[in-house]
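Report on the following structure.
The values are calculated or read from the model by the stated rules, or taken from the named source; none is laboratory data. These figures come from a predicted structure and were not determined experimentally. Here the Cβ positions follow ideal geometry from the backbone for every residue, glycine too, while neighbour counts run over all protein chains shown.
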Amino acid sequence: MSLIPDSTQARKLVLGSSSRYRRELLSRLGLEFEVASPDVDETPHPAESPRDLALRLALAKARAVAAQFPLAVVIGSDQVADLSGEPLGKPGTHDNAVTQLRRMRGRTVVFQTAVAVVCAASGFEALDLAPVKVTFRDLSDAEIETYLRREQPYDCAGSARSEGLGIALLDAIENDDPTALVGLPLIRTCRMLRAAGLEVL
C-alpha cells in the first residue's frame, strides 16, 4: 500500500520559517498551516549576488522542512536587501542597524524576496523572486535613532520594517506584489500553491 496520498487529496500546508512576519502574512489567506523552523546555514557563498542568495536560501529552507514533512506542501522564503550588489541581511543589533540605514539613506535598495514551494511526495518544486525597489529618504541621524528606538527592526533585512514606522523612511516603493517587502510575496505564493494542488479559494 502506498504511503503517498492520491494527488486529489488535500495536503497539509507547512510554512518553513521562524519569521513572525511571514506567519502573519500567510494567515491572511485563511488557510490552516503548521510552522517549522528550517535548519539552514544562511552564510552567503563567495561572490554570490543578493538575488542568487535569496533564491538559494528560499529553496533550501523549503527542501529542509519538506524532508521533515514529506507529504506536505511546504513554503520557504528568504529576503536579502541588495545595496548595489552587496547583500544586507538582518542587523541583529542596534549599532548594525544604524550602520545599514546610514548607508541606505538617499539611495535605492532592491529587496530581493524569494519564495519556494516544495512537496516531496509529489516531486513538486517551484521557485520565484519578487524584487522590490525601495528609495530611502536622505535620513538624518536623529530620524534613524527615533525609528530604531520605536520599531527595533533588528530581525528585518536591511533594518526596514515598512509595515510600521519604517514607511516614513521611504520616498518610493516599486513592485508588483505588495506583500513582498514584508517578507512573503502572497501573489506568487498563491500561484505556486495552486500549481501544487492546494485550493486557496
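Here are a few things to note about the model shown:
- Test: residue in segment 128-149 that is assigned to a helix (DSSP H, G or I), at pLDDT 95 or above and touching a strand residue (DSSP E or B) at 6+ places or on another chain (Cβ under 8 Å): no
- When the test is whether a residue is within 15 Å of the chain's Cα centre (by Cα), part of a loop (DSSP other than H, G, I, E, B) and among the hydrophobic types (A, V, I, L, M, F, W, C), LEU184 passes it.
- Among the numbered conditions (1) touching a residue at least 24 places away in the same chain (Cβ under 8 Å); (2) within 12 Å of the chain's Cα centre (by Cα); (3) under 20 Å from LEU193 (Cα atoms), the only one that ARG23 does not meet is (1).
- In segment 75-97, the count of residues that are of a type in the set (Ser, Thr, Tyr) and touching a Ser or Thr at 6+ places or on another chain (Cβ under 8 Å) is one or more.
- Filter pass, VAL117 being of a type in the set (A, V, I, L, M, F, W, C) and either assigned to a strand (DSSP E or B) or surrounded by 24 or more Cβ atoms within 10 Å (Cβ to Cβ) (or both): yes
- Residue tally, condition at pLDDT 95 or above and of a type in the set (Phe, Trp, Tyr), over segment 14-65: 1
- The number of residues in segment 71-109 being hydroxyl-bearing (Ser, Thr, Tyr) and under 27 Å from GLU125 (Cα atoms) comes to 1.
- Considered as a group, the residues in segment 65-80 that are in contact with a strand residue (DSSP E or B) (Cβ under 7 Å, 6 or more places away or on another chain) and free of Cβ contacts under 8 Å to residues at least 60 places away in the same chain include one that is farthest from LEU13 (Cα to Cα), and that residue is ASP78.
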